[in-house]
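None of the figures in this text is laboratory data; all of them are computed from the coordinates on show. Just so it is clear, the structure is predicted and the values come from calculations on it, not from any experiment. Virtual Cβ from ideal backbone geometry, glycine too; neighbours counted across all protein chains shown.
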Amino acid sequence: MAGMTNAAFKLICSGCGATYDPPRLHCDGCEGLLRSQYSTRAFHPRSQSNLFSFQDWLPPSCSSDVPIGSAVYPSQGLADHLGLSNLSIGFSGYAPAVGALNPTGSFKDFEAIPSLLYYREHGVEALVLASAGNTARAFAYAATQLAFPVIIVVPERALERLWIPCEPSEAVRLVVLEGCDDYARAIQIASLIGQTLEIQNEGGARNVARRDGMSTAMLEYAKQMGALPSHYFQAVGSGTGAIATWEASQRLLAAGIGAVLPALHLSQNAPFTPIHDAWTLGSPISPDTDVAGQLRRIDQIDALVLANRMPPYAIPGGVREALMSTGGHTYAVTNEQARAAAKLFEQTEGLVIGPAAAVSTAALLQAIQTRRISPEDSILLHITGNNESLIQRDSRLHRILPVWSVRPESVTLEAIREAAYRLLSSS
């Protein structure tokens, strides 16, 4: 852990403007997301090489030396192929060739360490959270590095993707929901475990440390370019990263960086596209309607990390408001389109990308075809992660083993209490 700095801030409700001291997840008066308001308004990145370069706009007052952060660089091969003169890539996976060293291979690394440092500073001794895969890896790695106990609840389908590039410590307590492929169910059970055992819920999209950590890809672009891009492309599940990018862009505008908010271009993997459907049809997202149909559609997509049935869409400060504020667009990308885009990225940029990043790359192709962007526009394409091949080349990958495997229907208050010794033994 590196030195202490001053990152004083308040929490402001996006809906009603109420002000709170951290840490807090909810406003007392409405459903609006709480947003960080930092005492330092100017944009003065520090000398660190990781995302703690932006310490003034991160919730924890201490930092870490773990090499997490987005590598932003001008595209050459892909830009030339697409006829774009000002395309930048924000690579947030693991690719030493471009300076991206995120230990678990995705931008979820940006969430985990800031969150654990933030909660530890405020006296929280353990956390519980749910994940569809990438978040579990990131928090398991961070928990091991920081010796901070976390209970992570995942659907069984995510188990094959759960590894970290070091031996998991006893701080990692993995709960696997047998026969379950529903991330929304994992969220519900994580909440129940937290309430029953009186363990702090990490908070997901409502956790400002998570969002502000994710916002640093846009901050890195501003650090290098001294400006904001005209367009920002990202694949989304919950849309938390898009909200974070929108919030960071507003801070940068207030600091005199840029003149207009970047338009958000958010993509999802068809046929499971709840945010795209809600935005294009003007309809609400109903996670409890036709659950079986939703799960069938999820089963058909390549980018399973984008399968979130309960995104923070319509709440104040949520995805819908971010799209409206920025004049944004959404895209539905098929598996075939994403696979073709991944192949194109590898051919032109020399890097293998993950399914979610392939979805955002395919959305960029759609935006060009529909003339939503011009060849000379400044564009940031966020590659939020890649597969484990490069990490496996450089590190030994260790599987995360569950301490409790249970069918969702068997998770009762009594069952949680009986499993407490397994879940709390390292807390």
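Tabulated values for the structure
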read-out: Label-to-label distance, nm, for residues given as Glu170 and Arg371 (7 Å Cα→Cβ offset); value: 6.6
read-out: Phi-based couplings in Hz for the range 162-176 (Karplus 6.51, -1.76, 1.60; Gly and Pro marked x); value: 9, 8, 9, x, 7, 5, x, 8, 5, 5, 8, 10, 9, 10, 10
read-out: Environment charge of Tyr94, counting only residues whose C-beta is closer than 13 Å and scoring Lys/Arg +1, Asp/Glu -1; value: 0
read-out: Within the range 89-109, backbone nitrogen closer than 19 Å to the virtual label 7 Å beyond the Cα of Tyr73 toward Cβ; value: 89-107
read-out: Average Cα contact separation per residue, the range 193-259, under 8 Å, 6 or more apart, as relative contact order %; value: 36
read-out: Computed over the chain: relative contact order in percent, which uses C-alpha pairs under 8 Å that are six or more apart; value: 20
read-out: The range 34-158: projected area of the alpha-carbon convex hull, averaged over directions, in nm²; value: 10.3
read-out: Separation between Cα centres of the range 206-284 and the range 141-201, rounded to whole Å; value: 26
read-out: Phi-based couplings in Hz for the range 388-397 (Karplus 6.51, -1.76, 1.60; Gly and Pro marked x); value: 8, 4, 6, 5, 5, 5, 9, 9, 7, 8
read-out: Lys10, Lys223 arranged by Cβ crowding within 10 Å, fewest neighbours leading; value: Lys10, Lys223
read-out: For the range 70-106 and the range 316-357, distance of Cα centres in Å; value: 14
read-out: Most mobile listed residue (Asp302, Asp288, Asp182) in the chain, GNM with C-alpha springs under 10 Å; value: Asp288
read-out: Alpha carbon convex hull of the range 197-325, volume per residue in cubic angstrom; value: 133
read-out: Shape category assigned to the chain from the gyration tensor of Cα positions, a/c cut at 1.5; value: rounded
read-out: Relative contact order for the range 1-128, counting Cα pairs under 8 Å that sit 6 or more residues apart, in percent; value: 20
read-out: Sum of -39500 (n - 2.57) over DSSP H runs of 4+, divided by residues of the chain (222 nm, nearest 500); value: -10500 deg cm²/dmol
read-out: Residue order, fewest to most beta carbons within 10 Å, for Tyr141, Tyr119; value: Tyr119, Tyr141
read-out: Full-stretch length increase - Ala8, Gln347 - with 0.36 nm per residue and alpha-carbon distance subtracted; value: 117.5 nm
read-out: Label zone at Ser325 (point 7 Å along Cα-to-Cβ), backbone N below 14 Å, the range 168-212; value: 211-212
read-out: Listed residue (Leu281, Leu381, Ala227) projecting farthest to the positive dipole end of the chain, Cβ model; value: Ala227
read-out: Computed lengthening from Tyr38 to Val291, 0.36 nm per intervening residue step minus Cα-Cα distance; value: 87.0 nm
